[in-house]
Every structure is written in C-alpha cells, then in structure tokens.
1. Which residue pairs have Cβ atoms under 9 Å apart, sit 6 or more places apart or on different chains, and have a first residue in the stretch 43-65 that is closer than 20 Å to Ile15 by Cβ and a second that is in a helix (DSSP H, G or I) and of a type in the set (Phe, Trp, Tyr)?
2. Out of everything in the stretch 68-81 that is within 16 Å of Phe100 (Cβ to Cβ) and in contact with a Phe, Trp or Tyr (Cβ under 8 Å, 6 or more places away or on another chain), what residue ends up being surrounded by the fewest Cβ atoms within 10 Å (Cβ to Cβ)?
3. Among the residues that make up the stretch 57-66, is at least one of them of a type in the set (Ser, Thr, Tyr) and open to solvent by less than 40 Å² (accessible area, probe 1.4 Å)?
4. Any chance you could count how many residues in the stretch 5-43 are under 16 Å from the mean Cα position of the chain (by Cα) and surrounded by 15 or more Cβ atoms within 10 Å (Cβ to Cβ)?
5. Restricting to the stretch 61-106, and then to whatever is among the basic types (Lys, Arg) and at pLDDT 90 or above, can you tell me which residue is farthest from the chain's Cα centre (by Cα)?
6. Filter the stretch 5-19 down to residues that are in contact with a Gly (Cβ under 8 Å, 6 or more places away or on another chain) and of a type in the set (S, T, N, Q), then give me how many there are.
7. Only one residue in Gln23, Gln90 is touching a residue at least 24 places away in the same chain (Cβ under 8 Å), in contact with a helix residue (DSSP H, G or I) (Cβ under 8 Å, 6 or more places away or on another chain) and not aliphatic (A, V, I, L, M). Which one?
Amino acid sequence: MDNKTISIISYLTIIGWLIAFFQYKDNKTPQVKFHLEQSLGIFIFAVLWGIAIRIVLSLIPVLGSLVSILSLVPLVLIVIGIINASKELQKPVPVIGEYFVGKFGL
C-alpha cells in the first residue's frame, strides 16, 4: 500500500488504525506517522467526549437534542482528517490536532 492509502485507513476505526500502524512499521514515513498520531488523538478524544456527553446528559436530560448534535464532533474531525490524508497534507485537525503532534512517539 502507498502512504496515502495507509494514512486514510488510519482514520477508519481502531482496526483500521492497527492495520495502518503495522504497515507503518514496515515503511516509516513522516506522512503516515503524522496521520497515525492525528487519528489516535481523535479516537482518544472521541472516547473522552462520549463520556463527557453522557455525564452532561445524565445531569441535564433536557439537553438531549443539543447533545446529540454535539456527539457528531468526532465524526467531523475524522472526515477532516481523511480529507487531509487524501490530499497528502500534514495539517492538524481543527481544535484538538495540535495537541497530538509528536506526542505518541510512533
């Protein structure tokens, strides 16, 4: 697989991330490393975001429709990451992307 494909696959679920990670181990390139870090950061953010949303929803059930819209934030970040990977850009995803650049030591 080429670097572009591996970068895109890294955003497709944790299984896709693992496939991309093992492909990266064979051919280490800065582009794939960048997108592996970004996608792992998004997945970590998605878990924490989901926990926060459930807590808010349990405390204030009236916010159900607003919270359901906010639960789409990780999906939007994944789509932005896939678009950046398909254009072969090393551009962090908005808001949270800068936090994960070079943090995982892949």
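The values are calculated or read from the model by the stated rules, or taken from the named source; none is laboratory data. Computed from a prediction, not measured in an experiment: that's the story for all the values here. Backbone-built Cβ (ideal geometry, glycine too); neighbour counts: all protein chains shown. All accessible areas refer to the heavy atoms of the entire protein, side chains included, with ligands and DNA or RNA removed. Shrake-Rupley method; radii C 1.70, N 1.55, O 1.52, S 1.80 Å.
1. Hits for this filter: Phe43/Trp17; Ile44/Phe100; Phe45/Tyr99; Phe45/Phe100.
2. Val73
3. First, the residues of the stretch 57-66 that are of a type in the set (Ser, Thr, Tyr): 58, 65.
Cutting the leftovers down to open to solvent by less than 40 Å² (accessible area, probe 1.4 Å) gives us none.
No: the stretch 57-66 contains no residue that is of a type in the set (Ser, Thr, Tyr) and open to solvent by less than 40 Å² (accessible area, probe 1.4 Å).
4. Residues of the stretch 5-43 under 16 Å from the mean Cα position of the chain (by Cα): 5-21, 31-43.
Next, only the ones that are surrounded by 15 or more Cβ atoms within 10 Å (Cβ to Cβ) stay: 6-11, 16-17, 19-21, 31-43.
Looking only at that region, the number is 24.
5. The initial filter retains those residues of the stretch 61-106 that are among the basic types (Lys, Arg), namely 87, 91, 103.
Filter again for at pLDDT 90 or above, leaving 87, 91.
Details: Lys87: 16, Lys91: 13 Å.
It comes out as Lys87.
6. As a first pass, look at the stretch 5-19 and keep what is in contact with a Gly (Cβ under 8 Å, 6 or more places away or on another chain): 9-11.
The next check asks that each one be of a type in the set (S, T, N, Q); those that pass are 10.
Going through the stretch 5-19 one residue at a time, the tally reaches 1.
7. Values: Gln23 fails: touching a residue at least 24 places away in the same chain (Cβ under 8 Å).
That would be Gln90, the only listed residue that is touching a residue at least 24 places away in the same chain (Cβ under 8 Å), in contact with a helix residue (DSSP H, G or I) (Cβ under 8 Å, 6 or more places away or on another chain) and not aliphatic (A, V, I, L, M).
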